[in-house]
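The values are calculated or read from the model by the stated rules, or taken from the named source; none is laboratory data. The model shown is predicted, which means the values in this text are computed figures rather than measured ones. Ideal geometry is used to build each Cβ from the backbone, glycine not excepted, and the neighbour counts take in all protein chains shown.
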């Protein structure tokens, strides 16, 4: 049984805002809450995917304008994530819900530990780039973003390992309808050494694509609920805009701490549900 429409609007607004804030995708919060409210995981996953797609769409304009989204990196990683997301969506009806919840809880807790781990910045500001325009450098997986009054140059590393991580993110996204951002952000930051602000913005940009691919499969399986889906989309559009604005105001250190707390909360919710 699904909650009232107004409940879906409010919950999806909060979930999309929190998800956009950390580049995690709002479904990572929405799906566990819906399951705790008694919604069948088979119905919760498509609603989560709709929330991710809408939140990503709402957050995109501000993040693109700020130069934080790296398009070439996003497309490179998303090709792999989308392909495995299709496979995950096709398998989703056969996966045991309890096992899935526990696996997601462990993954979220590991991602929280990585986010909370004290580390020196992988990409320090460089005065030589102070007059650079924020954004990606054409034809490369590198770029620069503005941090206060300074510019921070960066370059993505370990692409094969990053692609492997995105394959896992896409598979999880397709099975659970959660967007996969809680895997994508740690992979980009910890493995590929992409700055957190760029990783979260690029993840927010890509999770909508991953979710849209899974929605095509869910639609073919007859699992979409138009009225409830519209309520989730409405709430997610507002939450995505608010989350993107707050994300731009946070320092990298504070952003990491917020992401770690959110992921830990999700891990607890998922484990309790299981």
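Checking residue 96 against (1) in contact with a strand residue (DSSP E or B) (Cβ under 9 Å, 6 or more places away or on another chain); (2) at pLDDT below 80, which test does it fail?
For residue 96, the exception is condition (1).
Go through 52, 79, 39, 75 for me and flag whichever is touching a residue at least 40 places away in the same chain (Cβ under 8 Å), at negative phi and either part of a helix (DSSP H, G or I) or surrounded by fewer than 24 Cβ atoms within 10 Å (Cβ to Cβ) (or both).
The unique qualifying residue is 52.
For segment 151-175, name all the residues that are modelled with pLDDT under 85 and under 15 Å from residue 204 (Cβ atoms).
Scanning segment 151-175 gives a single hit, 173.
Does residue 88 qualify as being modelled with pLDDT of 80 or more, crowded, with 24+ Cβ neighbours inside 10 Å and within 15 Å of residue 171 (Cβ to Cβ)?
Spelling it out, residue 88 is indeed modelled with pLDDT of 80 or more, crowded, with 24+ Cβ neighbours inside 10 Å and within 15 Å of residue 171 (Cβ to Cβ).
Can you spot a residue in segment 173-188 that is over 14 Å from the mean Cα position of the chain (by Cα) and farther than 24 Å from residue 62 by Cβ?
Checking segment 173-188: at least one residue is over 14 Å from the mean Cα position of the chain (by Cα) and farther than 24 Å from residue 62 by Cβ.
Out of all the residues in segment 198-214, is one or more assigned to a helix (DSSP H, G or I), within 28 Å of residue 164 (Cβ to Cβ) and either free of Cβ contacts under 8 Å to residues at least 40 places away in the same chain or touching a strand residue (DSSP E or B) at 6+ places or on another chain (Cβ under 6 Å) (or both)?
Within segment 198-214 (the criterion being assigned to a helix (DSSP H, G or I), within 28 Å of residue 164 (Cβ to Cβ) and either free of Cβ contacts under 8 Å to residues at least 40 places away in the same chain or touching a strand residue (DSSP E or B) at 6+ places or on another chain (Cβ under 6 Å) (or both)), the answer is yes, since at least one residue qualifies.
It is to be established whether one or more residues within segment 234-246 are over 22 Å from residue 266 (Cα atoms) and crowded, with 21+ Cβ neighbours inside 10 Å.
Checked segment 234-246: no residue is over 22 Å from residue 266 (Cα atoms) and crowded, with 21+ Cβ neighbours inside 10 Å.
Tell me yes or no: at least one residue of segment 161-169 is surrounded by fewer than 24 Cβ atoms within 10 Å (Cβ to Cβ), assigned to a helix (DSSP H, G or I) and free of Cβ contacts under 8 Å to residues at least 12 places away in the same chain.
Yes, segment 161-169 contains a residue that is surrounded by fewer than 24 Cβ atoms within 10 Å (Cβ to Cβ), assigned to a helix (DSSP H, G or I) and free of Cβ contacts under 8 Å to residues at least 12 places away in the same chain.
Restricting to segment 176-220, give me the number of residues that are at pLDDT below 80 and either within 20 Å of residue 253 (Cβ to Cβ) or out of contact with any helix residue (DSSP H, G or I) (no Cβ under 7 Å at 6 or more places or on another chain) (or both).
Count: 2.
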